[in-house]
Amino acid sequence: MLKWLNAAFSTLDQRVLKQAEIMERLSERQKLILGLIVKDYVESAQPVGSKRLVEHYGLDVSSATVRNEMLELTESGFLRQPFTSAGRVPTEEGFRFFVGELMHRQELPASTKHTISHQFYQARHEVHQWMRLAASVLAAQAKAASLITTPQSQQARFKHLELILTAGRQVLMVLVLESGQVIQQMLVLKDAFSQEKLSNTATQLNDLLRGSTAANLTPPPADMGTLASEIYRLIKGELQSLEKGLGGEIYHDGWTNVLAEPEFSESDAAQRALRVLEERPLLDTLLTQTMTGAEIGGVQVLIGGEGRWEELNDFSLVLARYGAPEAASGYVGVLGPIRMSYGRAVSAVDYVAGLLSEMVAESMSAHD
């Protein structure tokens, strides 16, 4: 089993245990044929026949031998025949076996990594830019729909404050959390203050509140003045609102990649899957049930909804958790058809998750 990948198989019932026993009995030739069928089907979206395997991949056995092996793989549940006289296509179990046992990691080209890394470096000062960039990069590299959630800590924890005078009594408040999240809010204060006064108040509040949550914020002493009290109330309100939220914003990209796949050209399946990404309760349930306890950097693959999510029956999800252990984390992933290029998708998710983890760690170390 690939150590860098955790394939999220179905619940370990008797059916899956029996399937695991069958997996162990597959011959090397059967594994080769299954891997080639997956590769060919992913590329062509067409059933694969024995003659094509022999001729296209230069197998040193006859078509009859390949047909016999394909028949055994079909009886074992790894392949199916869409209609009479057609070739074979992988089943969900066939894809699971491929992902867990046969798939090789496809490293992104060094030039691509350099370009992506440079783009993230340029966006390092604003968490929302990371998310938009990550969604765009993933969709392009995996040729699928991307999903990114902003990094969240179990408790919204204050890190840094800046107060910037814009005009008259208008002030831009920039609130930075330990998770790396940056909140900007335009304020209209009761009185006008100089930039020097605003900066001094921000410095005092930084010293007083650093590392605090909404529950243990220390109110500023009276001698810090009314400005400090006013800003303190705003900060506390923001932290309380964040802790009541559903876990930050969600960023998507690349949905047209999914709609362009031939299996969804005349189907409403894509719209059902889109509901999972857009309706927060559904997504929260999926992430909670799938990723709870997942280590940062570990990749999970869900194929065909794993028997739990009907909306995803025709889809696969590749997910990873990113962030800093015991501090702040989020989720990054791609959604595409079961006929997905898993090697490419897993590598893209893994690489982007690593970059986002570095960004979170850098953000949390700043201003310390």
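The values are calculated or read from the model by the stated rules, or taken from the named source; none is laboratory data. Note that the coordinates shown come from a computational prediction; the quantities given were computed from them, not determined experimentally. Cβ placement follows ideal geometry from the backbone for every residue including glycine, while neighbour counts extend to all protein chains displayed.
A few comments on the model shown:
- Listed here are the helices (runs of 4 or more DSSP H) enclosed by the range 20-88 that have at least 3 residues being over 36 Å from the mean Cα position of the chain (by Cα), aliphatic (A, V, I, L, M) and not assigned by TED's automatic domain parsing to the domain that holds E263: 63-75.
- For the range 296-339, taking the residues that are among the aromatic types (F, W, Y) and outside any loop (DSSP other than H, G, I, E, B), the one that is farthest from Q181 (Cα to Cα) is identified as F315.
- Filtered residue count, the range 285-306, keeping only those that are surrounded by 15 or more Cβ atoms within 10 Å (Cβ to Cβ), over 11 Å from the mean Cα position of the chain (by Cα) and at pLDDT below 80: 1
- K190 vs. criteria of a type in the set (D, E, K, R), over 29 Å from the mean Cα position of the chain (by Cα) and either within 30 Å of A270 (Cβ to Cβ) or modelled with pLDDT under 90 (or both): yes
- Only one of the listed residues (E243, E278, E261, E266) is modelled with pLDDT of 80 or more and of a type in the set (D, E). That residue is E261.
- Long-range neighbours under 7 Å by Cβ, at least six apart or interchain, first residue more than 12 Å from E162 (Cα to Cα) within the range 185-213, second assigned to a loop (DSSP other than H, G, I, E, B) and among the small types (G, A, S): A192/G168; T213/A156
- Candidate set from the range 90-107 (those that are buried (at least 17 other Cβ atoms within 10 Å of the Cβ) and in a loop (DSSP other than H, G, I, E, B)); member that is nearest to the chain's Cα centre (by Cα): M103
- The residues listed here are L208, L138, L133, L102; of these, the one that is more than 30 Å from S27 (Cβ to Cβ), out of contact with any Ser or Thr (no Cβ under 7 Å at 6 or more places or on another chain) and not acidic (D, E) is L133.
- S316 under 18 Å from the mean Cα position of the chain (by Cα), modelled with pLDDT of 90 or more, of a type in the set (S, T, N, Q) and over 17 Å from A270 (Cα atoms): no
- Near pairs, Cβ below 6 angstrom, 6+ apart or cross-chain, from the range 287-316 (touching a residue at least 40 places away in the same chain (Cβ under 8 Å)) to any residue that is surrounded by 15 or more Cβ atoms within 10 Å (Cβ to Cβ) and of a type in the set (D, E, K, R): M291/R321; A294/R321; I296/R321; V299/D350; I303/E92; I303/R96; G304/E92
To keep it simple, each residue is scored yes or no on (1) more than 22 Å from E92 (Cβ to Cβ); (2) at pLDDT below 90.
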residue: A320; (1), (2): no, no
residue: A324; (1), (2): yes, yes
residue: L335; (1), (2): no, no
residue: S341; (1), (2): no, no
residue: Y351; (1), (2): yes, no
residue: M359; (1), (2): yes, yes
residue: M364; (1), (2): yes, yes
residue: H367; (1), (2): yes, yes
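- V16 being modelled with pLDDT under 90 and assigned to a helix (DSSP H, G or I): yes
- Residues in the range 108-117 that are among the aliphatic types (A, V, I, L, M) and assigned to a helix (DSSP H, G or I): A110, I116.
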